Amino acid sequence: MTLDQLRYFQAVCNVGSVVRAAEFLRISQPSVSAAIANLEREFDTQLFTRTNKKMTLTKEGITLLELADDLLTRADGAVKTMKALGN
């Protein structure tokens, strides 16, 4: 699991689709899809149920989103703190 994978996952959750997440992140759709697939493979669980272009979080996906939100907030805070210390 990487911070980028979590950011891509978080973006999909926030905008509701891989295509819109890719547009928001300004990266390719296959990159977002691969990140989600890698997370699902690594955790051996399905994070979304997919039906007719609609993606809904599973209970495991909801748990990961809560953890990702916290972890990414902390990571962003660490970057800000370290940059401030460097100045």
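Pick from region 37-47 the residues that are assigned to a helix (DSSP H, G or I) and of a type outside the set (A, V, I, L, M): which of them is most open to solvent (accessible area, probe 1.4 Å)?
ARG41
Checking the structure you have, find out if any residue of region 74-85 is assigned to a strand (DSSP E or B) and in contact (Cβ under 8 Å) with a residue 40 or more places away in the chain.
no
Going through LEU6, LEU64 one at a time, which residue ends up being open to solvent by less than 50 Å² (accessible area, probe 1.4 Å), modelled with pLDDT of 95 or more, in a helix (DSSP H, G or I) and in contact with a strand residue (DSSP E or B) (Cβ under 9 Å, 6 or more places away or on another chain)?
LEU64
Yes/no matrix, rows are residues, columns are (1) assigned to a helix (DSSP H, G or I); (2) surrounded by 16 or more Cβ atoms within 10 Å (Cβ to Cβ); (3) in contact with a Ser or Thr (Cβ under 8 Å, 6 or more places away or on another chain):
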site: MET1; (1), (2), (3): no, no, no
site: GLN10; (1), (2), (3): yes, yes, no
site: CYS13; (1), (2), (3): yes, yes, no
site: ARG20; (1), (2), (3): yes, no, no
site: PRO30; (1), (2), (3): yes, no, no
site: THR49; (1), (2), (3): no, no, yes
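The values are calculated or read from the model by the stated rules, or taken from the named source; none is laboratory data. Note that the structure is predicted; figures quoted are calculated from it, not measured. Positions of Cβ are generated from backbone atoms using ideal geometry, with glycine treated the same way; all protein chains shown enter the neighbour counts. For the accessible areas, the whole protein counts, side chains as well, though only heavy atoms, and no ligand, DNA or RNA atoms are used. Shrake-Rupley method; radii C 1.70, N 1.55, O 1.52, S 1.80 Å.
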